[in-house]
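Values quoted throughout were computed directly from the atomic coordinates according to the rules given, and no laboratory measurement underlies them. These figures come from a predicted structure and were not determined experimentally. All Cβ positions, even for glycine, are placed from backbone atoms using ideal geometry, and neighbour counts span all protein chains on display.
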Amino acid sequence: MQKGKIGVSTENIFPIIKKFLYSDHEIFLRELVSNAVDATQKLKTLVGTGECKQELGDLTIRVSVDKEKKTITVSDAGVGMTQDEVEKYINQIAFSGAEEFLDKFKDQSVQIIGHFGMGFYSSFMVSSSVEVVTKSWKDAPAVRWECDGSPEYTIEDTTRERRGTDIILHVADDSEEFLEESRISALLNKYCKFMPIEIAFGKKKEWKDSKYEDTDEDNIINQTNPIWTKKPAELKDEDYAEFYRTLYPMADEPMFHIHLNVDYPFNLTGILYFPKISNNIDLQKNKIQLYCNQVFVTDSVEGIVPEFLTLLHGVIDSPDIPLNVSRSYLQSDANVKKISNHITKKVADRLSTLFKNERETYEQKWADLKLFVEYGMLTDEKFYDSAAKFAMFKDVDGKHYTFEEYKDAIKEEQTDKDGKLVYIYSNDPEAQYSFIQAAKAHQYNVMVMDGQLDSHFVQMLEGKLENAQFVRVDSDVMDNLVRKDKKKEWKITPDEQENLKPVFEANTPEGGEAMYHVSFEALSETAAPVVITQNEFMRRMKDMSQMGGGGGMNFYGKMPDSYNVVVNANHPLVTEIKDDLNTELKDKITEYKAKLKAEEDVLADLNKQKGDKKDEDVPAELKTRIEEVEGKVEAIRKEESDMLGSWGKSHKIVHQLIDLALLSNNMLKGEALNSFLKRSLEMISR
Ligand SMILES: Nc1ncnc2c1ncn2[C@@H]1O[C@H](COP(=O)(O)OP(=O)(O)OP(=O)(O)O)[C@@H](O)[C@H]1O
């Protein structure tokens, strides 16, 4: 027996490796099995070229666990190693790799994809010692090498019947989880399911005498020729569907797939599936599996494909993706860029072909594609450019248009006086029904924008499409959505408006977070008497910040909702109210408002003094004061409403009109809705 010292300078590198790769100990199995696959492939090549004249024989790679001896063994019938080769490949190459690896990442807490390049020494992450028993295909004695993780190792001649290698791990006490059959089985399924040489883990089991018993047949855990390695011409739709089920047994059927198959200027194979993406982007991410020569690497492909493509499912296999580098480095890698561009282009081409050749099918699938396409257009310039030709707008009647078609459809009616094209949309056609009907009466088309990303999408399109403006159907009164140069007839003078304003203001909802601004518009007599709208800009910014627009958006997210109560100055009911209103009443209201404001200011001041003191710590005097002023505020409110009540019918009508407008916006809820209904009944029964 010979002893030697492994050529690394670090006293004992294994504890470091162990700690460094703490979360990824399990990859040792992938590394050992893929070494066994490599050794077997090398042998096949040697036999193929005639250099090695041996029978191939059974090439199955066998993985076994011995719970009693606490060992895991990976055996192959590949090329094996001579003593010289063990010295060279295991002692020098494998361990110099370890040293280099640690050097490279010593001071960084980078996330390494897949930890390729860890190779053989990763077995020390789970072992107290590792044994290699190997016999080369060449005429040389078998050797046994052992190392306990210190830089010292032993090497000696031994016997082994056939050519090949056994790697025997003596599992460390803190890694005994890996002695569970179920754990190893799960790991093989995760990392080795599509490796190109058959891998056996135990025997197939059979139900016999009310228990499972081993049969003589090997339990092969992998598919050696997964369909992405085949030519598309050899495959039927059913093959793709079946493969999808193998990958995601629980998922819904995908809509369609793309078979990637490139060998120049980089190597890339794979199959990508378009799942139905209806809602919630985040849940759907991270389903693509990345392989390197049929060895599973990771299922998180960020940095390798553009973000929106992580919504797709399937498999990508490429030996040209550098896997032992950090993700931030990956993004700048030239190969990765090319691969990523290629995939983006293929995806766009697939959608484009479907759109051109099967428009009807494409439109049917649009609902499930929309989020994906919009995400891509929002985040990837290149994709935007291709997708702008096949992205769809859908109108409230379910008709689909390309951007170009839509522009043609609306330009006649929806071009405003400055030549801007106004796109009108609804994010909730049910709730905005009355606005949509009003728009239709104006010959406007309303599109549906109710997706998760639509507030951002609208914002982007406004910038991208030429001379375009997007407005939600309830963002203004219909006459103003598309501003035209029409002279307006006013039935109420500015002075009269000034008188009416406080009456309407006195009847807007109180006490909530939202703010209401009363204004007058000269609309047609047949339009609604009062309409409640919400400014497009403020609302959109708020929506975007809720979606997580990041950065400066947060400011808008915290703003209270702000609504415009637009009174139709030409509506007969409104002109009637105006006639009924006398200046005295208006002055009274103004007076009450001022009184109320003064007391409220006092109250606010007192509350400030109180601060967030506990009730028992508040001075009695202050408490009494607060109660007093609260009482006053209450009294002024009551006086005002009694006074308005005495104004009779007109006051009730104003109240009712505003509530009706709130109701048609779905904004009347709870007690407010209840009292509206009561009042309506009263009015009818009179
Ligand atoms: N089962 C085996 N049969 C024959 N040779 C082997 C076997 N396992 C390892 N080797 C030899 O040891 C060398 C070092 O292995 P190691 O896994 O550390 O690195 P690698 O396989 O070259 O690269 P990688 O780090 O990507 O796995 C291999 O290149 C190979 O020559």
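One table, with the values for the structure above:
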| read-out | value |
| --- | --- |
| Residues whose placed amide H lies under 5 Å from that of Arg472, excluding near-sequence neighbours | Tyr425 |
| Percent antiparallel among DSSP beta bridges (both partners in the chain, rounded to 5) | 75 percent |
| Qualifying aspartates and glutamates (Cα of each under 19 Å from Cα of Lys5; at least 8 residues distant if same chain) | Asp84, Glu85, Glu87, Glu99, Glu100, Glu131, Glu146, Asp148, Glu152, Glu156, Asp157 |
| Debye-sum result for the chain in log10 I(q)/I(0), which assumes one identical scatterer on each alpha carbon, at q = 0.05, 0.07, 0.08, 0.09 Å⁻¹ | -0.45, -0.71, -0.81, -0.91 |
| Residues of type aspartates and glutamates that Lys285 reaches as a straight line, Cα spacing below 20 Å, ignoring anything fewer than 8 places off in the same chain | Asp252, Glu253, Asp299, Glu302, Glu307, Asp317, Asp368, Glu374, Asp380, Asp454 |
| Of Lys491/Lys578; Lys44/Lys190; Lys69/Lys190; Lys231/Lys287; Lys53/Lys138; Lys44/Lys135, those spanning more than 18 Å from alpha-carbon to alpha-carbon | Lys44/Lys190; Lys69/Lys190; Lys231/Lys287 |
| Relative packing of peptides 630-640, 311-321 - highest average C-beta neighbours within 10 Å first | 311-321, 630-640 |
| For Asn564, distant residues with modelled amide H under 5 Å away | His517, Thr533, Gln534, Asn535 |
| ³J(HN,Hα) computed for each position of the range 58-69 - Karplus, 6.51 cos²θ - 1.76 cosθ + 1.60, integer Hz, glycine/proline x | 6, 9, 4, 8, 10, 10, 9, 10, 10, 5, 5, 7 |
| GluC sites (Glu not before Pro) restricted to the range 132-215 and DSSP loop, no more than 12 other C-beta within 10 Å | Glu161, Glu180 |
| All lysines inside 22 Å of Lys420 as judged from Cα atoms, apart from same-chain residues fewer than 8 positions distant | Lys389, Lys394, Lys407, Lys411, Lys440, Lys464, Lys484, Lys486, Lys487, Lys488 |
| Whether the range 391-476 is rounded, prolate or oblate, judged on the alpha carbon gyration tensor where a/c under 1.5 counts as rounded | rounded |
| Contour minus Cα-Cα distance for Tyr89 and Thr526 (0.36 nm per residue) | 148.4 nm |
| Percentage relative contact order, the range 391-476, counting C-alpha pairs under 8 Å, at least six apart | 33 percent |
| Per-residue ³J(HN,Hα) for the range 223-236, Karplus 6.51 cos²θ - 1.76 cosθ + 1.60, θ = phi - 60°, Hz, x for Gly and Pro | 9, 6, 10, x, 5, 5, 8, 9, 7, x, 5, 7, 10, 9 |
| In Hz, Karplus ³J(HN,Hα) per residue of the range 140-154 (6.51, -1.76, 1.60; θ = phi - 60°; x = Gly, Pro) | 8, x, 6, 10, 10, 10, 9, 8, 9, x, 7, x, 8, 9, 10 |
| DSSP bridge pairs, the range 227-369: antiparallel proportion in percent, nearest 5 | 70 percent |
